[in-house]
Every structure is written in structure tokens, then in C-alpha cells.
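No lab work stands behind these numbers, since they all come straight from the coordinates. Everything numeric here is computed off the predicted structure, so don't read it as measured data. Every residue, glycine among them, receives a Cβ derived from its backbone with ideal geometry; neighbour counts consider all protein chains shown.
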Amino acid sequence: MKITLAKPVTYKEQEYKELEIDLDGLNGIDLMKANAAQRGKPDNVVPALSMGYQAQLAALAANVPIEVIHQLCAPDFVKVTIEVQNFLLGRD
């Protein structure tokens, strides 16, 4: 899925105006990587409901550094994390 950002993000001299997030390309290893990255800083007991976990998965699915996701403006960050949450919970 392609998400056009309301506010572009620049990270290490690269500007991101949109993110191509391939959630269908994720696998179990990706989910475990995202979970491991959240150790010691959980924001929810259920990973699928954790914004931090969702952000990690979005970064993996978009093939961008997590810092890009962290720097998204609030509306873009929420849009991305809700898309990941809906995917994980099987919602359309």
C-alpha cells in the first residue's frame, strides 16, 4: 500500500514524501524482530495493539529506518500505525 505523507520527512539527507508499505510481504521473522526491538519499552501487553510495535513493523514493511517512521507528523504516524494494526487484526 502506498501512503502519501501530509508532511514530508527528511532523514539522512533523503526526503520521504510517501511510503510504500508491503505488509503482505512480512513474515514471522519480521514480527519477531519487531517484538525484540520493543523489549524493555513495551507500551501495550498485546503487541498488535502497541504503537511502538506497529511502527517497527511499518519500518520493516516499508524498508526504511525506524527513525523515518518516528519522525512522521502525528496524523501520518497515526495513519501508518492504524493501517498496520488493521492488517494484524485482519480488519479491512
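The string of couplings for the range 71-84 from the Karplus curve (6.51, -1.76, 1.60, θ = phi - 60°) is 8, 4, 5, 3, x, 5, 4, 5, 4, 5, 5, 5, 4, 5 Hz, one whole number per residue in order, with x for Gly and Pro.
Charges at C-beta only: +1 for Lys and Arg, -1 for Asp and Glu. How large is the resulting dipole of the chain about its Cα centre, in Debye rounded to 20? Could you put the intermediate results ahead of the total?
On the way: 9 positive and 12 negative charges, 55 e Å.
With Lys and Arg at +1 and Asp and Glu at -1, about 260 debye.
Once the chain from Arg91 to Asp30 is taken as fully extended at 0.36 nm per residue, the excess over their C-alpha distance is 20.0 nm. Fully extending the segment from Thr10 to Val78 would add 22.7 nm, taking 0.36 nm per residue of separation and subtracting the current Cα-Cα distance.
Remark: spin-label model distance Lys2-Val46 equals 3.3 nm, labels positioned 7 Å along the Cα→Cβ axis. Net charge of the neighbourhood of Asp22, taken over other residues with C-beta under 11 Å away and scored Lys/Arg +1, Asp/Glu -1, is -2.
Protection proxy ranking of 8-20, 48-60, by the mean of other Cβ atoms within 10 Å over each peptide's residues and highest first, is 48-60, 8-20. Helix-only arithmetic for the chain: the sum of -39500 (n - 2.57) across DSSP H runs with n ≥ 4, divided by the residue total, places the mean residue ellipticity at 222 nm at -13500 deg cm²/dmol. Classify the range 23-87: rounded, prolate or oblate, from the alpha-carbon gyration tensor (a ≥ b ≥ c, eigenvalue square roots; a/c under 1.5 rounded; otherwise prolate if a/b is larger than b/c)? Since a/c stays below 1.5, the shape of the range 23-87 is classed as rounded.
Compared with the direct C-alpha span, the chain from Asp22 to Glu67 gains 14.4 nm at full extension, assuming 0.36 nm per residue. Summary value for the chain: 29 percent relative contact order, contacts being C-alpha pairs under 8 angstrom separated by 6+ residues. Using C-alpha pairs below 8 Å separated by at least 6 residues, the relative contact order for the range 1-42 is 32 percent.
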